[in-house]
1. Under 14 Å from the Cα of residue 217, which aspartates and glutamates turn up, not counting those fewer than eight places away in the same chain?
2. Isolated Cys in the chain by the 4.7 Å beta carbon test?
3. Order these peptides, 145-152, 170-177, by their mean beta-carbon neighbour count within 10 angstrom, highest first.
4. So what's the projected area for segment 385-434, the Cα convex hull averaged over all directions, in nm²?
5. Note down the relative contact order for the chain as a percent, whole number, built from C-alpha pairs under 8 angstrom at least six residues apart.
6. Between 417, 384, 164, whose Cα lies farthest towards the positive end of the dipole of the chain when Lys and Arg beta carbons carry +1 and Asp and Glu beta carbons carry -1, centred on the Cα centre?
7. Could you order peptides 362-372, 194-204 by the average number of other Cβ atoms within 10 Å of their residues, highest first?
8. Please compare each pair in 146/568; 154/399; 532/568; 154/497; 346/532; 176/570 to a cut-off of 24 Å on the Cα-Cα distance and tell me which ones are over it.
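Each reported figure results from applying straightforward, stated rules to the coordinates on display, with no laboratory input. All values reported here derive from a predicted model rather than from experimental measurement. Every residue, glycine among them, receives a Cβ derived from its backbone with ideal geometry; neighbour counts consider all protein chains shown.
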Amino acid sequence: MKRFPTLPLLSLFIALAQSRSLEPRQNSNSTDCRNVPGSAGYPSPTAWNVFNATIFGRLLEVVPPAKYYDYLPAGGCTDAQWTSALFRGTIPGAMSYINWEQGYDLDPPSLCLRNGTTCGQGDLPVYSVEAETVGDVQAAVQFASKHNLRLVVKSTGHDGLGRSTAPNSLLIRVSKFQNVSSTDEFYVGGENMGSAVTIGSGVHANTIYQHNKGQGKFSVVAAAETVAPAGGQIQGGGHSPLSPAYGLVSDNALEFDIVVASGELLRASSASNPDLFFALRGGGAGSWGVIISATIRTFPTFNATSAVTVLQVPNNTVVGSLATLHAQHVFDWDSVQAGHFFWFEKTQIGSTDPNVPTSFILFTYMPNTTAEQSQILLAPFINASLALPGVVFVSQTFKDGEINDVMFGPDDGVGGNVVLGSRLVPEALYRDSPEKVGPVYKELFDNGTTAQSNILPFPLLTTNSHGRLLGQMVSGGTVSKNGHISSAVHPAWRAAKTHLMFANSWDDSASLAQVDALRAMFQTTQLPLLEKLSGLNAGAYSNEADNSEPDFQSTFFGPNYAKLSDIKAKYDPHDLFIVAAGVGSERWDEWGLCRV
């Protein structure tokens with residue numbers, strides 16, 4: 001078997017992997033389970049070797065990242081490496097957020113932490129197929145199906161729900177699918193859909209920015225530079241700072257190439273396999289097969305301005321007043337179809353003191369504006385904010401130019417322990433009842449539910465900052481030219497103005513009891529308050545949400561779930577592709593190993 005590059009001392013014999021099986025804390029009584037190391041049906045060493053030969057030695061043993069770092073030439077990793085999404089993306093077992101690597105719920109718990117004294121396999125797969133060709137993917141899908149293995153698929157590991165990892169599983173990693181090609185005329189069923197770019201499932205958003213700039217084009221993709229739009233973002237729906245102007249990322253998808261559970265390579269568009277195309281546009285990442293590539297719309301490039309405005313707020317009472325004021329001004333930038341992110345954070349990490357100052361950060365993207373025009377558009381809100389008692393202007397910086405340059409960044413800061421929880425908040429709230437917003441924010445800060453919140457998707461955010469509740473401007477009902485084509489996007493997206501998100505975090509020193517409490521905090525404490533704004537059954541973005549949602553079918557997919565379940569039965573009748581809180585996962589335990 002091929003050894004992981006630079007790690008010959010860590011290479012393990014396949015036979016040793018037969019003893020790696022770890023048990024969940026509570027075992028299912030079902031006899032309908034996947035094969036795992038040590039079970040009678042698990043592939044023999046000979047079977048693994050034969051499979052490895054068919055994919056030209058591209059089968060690797062998955063090494064926990066913390067162990068991998070210990071074997072770097074320097075005997076460990078730098079902080080820059082640990083927090084780099086790009087660097088983590090070179091390691092088969094690495095996730096952007098390290099808690100998804102850990103086996104908190106295994107019996108016994110299996111952890112591998114940075115600078116730890118012990119290192120278990122955790123929630124990581126046993127082997128990874130480092131796919132380079134469609135044939136590699138097809139062989140892996142057929143092997144997993146034949147031997148009844150738990151299968152997971154990963155592109156970048158930029159995953160907020162832990163969908164691309166699982167204990168005792170076989171991983172198909174598609175990060176090497178890096179093709180990017182453009183056309184001025186893309187045809188679907190004989191109809192010219194205009195200009196488009198076809199991207200492999202491993203291509204990062206920042207690569208798309210660079211490529212499109214050379215074509216004089218722009219695509220609606222993520223603000224986080226190392227997200228792979230074809231690798232998972234589109235399947236969740238996907239928002240972008242340009243969504244208010246151009247729709248969701250999934251609205252702009254025209255066609256997919258995908259290997260389904262049968263091992264067949266299918267092309268899905270509105271003209272061919274339209275039901276699968278429906279599911280791939282908002283029906284949840286990882287549930288449908290292995291995406292090889294996606295084709296998405298491009299648009300003529302334009303100039304834009306991003307601005308970061310920072311204010312300091314003296315106490316929680318004024319936090320509430322400023323949150324209401326922001327809600328009253330949230331339509332100020334609709335004239336240029338701007339997108340923006342906004343969040344509050346305590347200036348003292350983790351503080352629950354209501355009188356400790358709080359920073360408010362507003363990060364705006366304004367299409368077709370200059371820095372001067374952007375400043376003018378922001379001025380009414382900024383001036384009104386500074387009229388509140390004790391609010392202080394800290395800074396305001398602008399970046400303007402061609403949109404791909406404005407959006408581009410070299411890397412994302414990751415490497416912390418983070419679990420997400422979120423809700424879509426309807427435009428009607430901001431239009432009709434903005435006064436409801438402030439009291440909820442004040443209550444959230446007063447009762448300490450933001451003290452362990454943390455969000456890490458942007459370069460200006462760091463892994464050691466706490467006390468944040470993030471809001472994101474989303475489509476607000478906007479759809480692209482392609483948006484009229486039926487998709488699985490939750491209808492709540494179309495009525496939403498923002499997506500509010502908590503990201504609860506902890507240090508490696510946290511006890512298992514503390515970790516469990518923080519993982520449960522969104523459902524137990526934060527959601528009841530957030531629902532005062534979103535309303536009940538508001539919906540959430542499945543890529544940035546809580547994987548323990550008790551009714552994920554409704555929360556993530558709404559009225560589309562029944563149709564998605566039927567499509568699942570057609571293309572994946574044996575549930576080979578099961579992911580956390582994805583279509584069909586209610587039929588399986590939380591590890592996707594045993595039917596329930």
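1. By straight Cα distance, residue 217 reaches 184, 185, 402, 405.
2. Here 77 come out as lacking a disulfide-compatible partner, given the Cβ-Cβ threshold of under 4.7 Å.
3. In decreasing order of mean packing, 145-152, 170-177 become 170-177, 145-152.
4. Answer in nm², one decimal: 7.6.
5. 15 percent
6. So the residue we want is 164.
7. Details: 362-372: 20.2, 194-204: 23.9.
By packing density, highest mean first, the sequence is 194-204, 362-372.
8. Long pairs (Cα-Cα over 24 Å): 154/399; 532/568; 154/497; 176/570.
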